Amino acid sequence: MRISSTRMAALLSTCSAVLATTACFTPAQTPQAWRDEMRAHRMGRVETWTLSDDSASVSERVQSRFLSCFDVGTETCSGTTLNNHCGRMIYKPRAIEDAPARRTLTLQMKTNAAGPSGRAPLDGMYQVVVDIEAADVGSRVTFYGTQQATHDKVLSAIRGWSEGAGHGIPCPELVLQLREGELTTAHGISAGSAF
């Protein structure tokens with residue numbers, strides 16, 4: 001079979017684009033890389049607010065809810081009876097002090113779905129990073145996430161917890177229900193479950 005030079009050029013161009021896209025995409029490996037990515041990306045979201053309370057009090061309030069709410073796993077299945085696909089996601093929340101007088105909360109997601117997860121950090125791809133630090137007066141909270149609808153809920157909860165609403169604000173859902181018929185099951189699984 002003979003391929004014309006025009007068709008061969010188009011084929012090579014397509015292959016190069018696919019290889020470049022997949023080979024060059026590397027998920028953020030650190031909280032700082034996630035911050036930088038969210039600042040630069042058009043779908044990134046960076047929101048900052050200040051509070052009159054000191055950063056230690058705000059950190060304590062947010063951290064306790066953040067760690068308890070987001071230590072979850074989900075399994076979702078979609079498709080038909082003949083063609084069903086299930087995906088498992090394990091969320092890993094962490095609290096770290098990565099700079100003097102700054103508490104950083106991170107949320108990572110590990111999944112068994114196909115994608116760039118082979119190059120993802122050991123604990124999964126970053127979903128959210130929250131910095132809580134001292135400000136000139138009180139404290140400053142900065143949220144780094146995306147424009148996803150689930151991140152709207154996460155941001156709203158974190159803002160409420162930081163302002164002292166605590167247990168008055170429920171844990172946000174990390175998995176959105178899809179259109180009717182697309183999601184057949186969605187249930188919590190043990191965060192310690194292996195893939």
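The values are calculated or read from the model by the stated rules, or taken from the named source; none is laboratory data. Every value quoted in this text rests on a predicted model; they were computed, and no experiment measured them. So basically every Cβ, Gly included, is an ideal-geometry build from the backbone, and we count neighbours across all protein chains shown.
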Within region 53-74, is even one residue in a strand (DSSP E or B) and either touching a Leu at 6+ places or on another chain (Cβ under 9 Å) or surrounded by fewer than 17 Cβ atoms within 10 Å (Cβ to Cβ) (or both)?
yes
I need every pair where a residue in region 37-63 that is closer than 19 Å to Val154 by Cβ has its Cβ under 9 Å from the Cβ of a residue that is acidic (Asp, Glu) and in a loop (DSSP other than H, G, I, E, B), sequence separation at least 6 or different chains.
Trp49/Glu163; Leu51/Glu163; Val58/Glu163; Arg61/Asp53; Arg61/Glu163
Just a yes or no: is a residue in region 30-42 among the basic types (Lys, Arg), closer than 17 Å to Tyr126 by Cβ, at pLDDT 70 or above and touching an Asp or Glu at 6+ places or on another chain (Cβ under 9 Å)?
yes
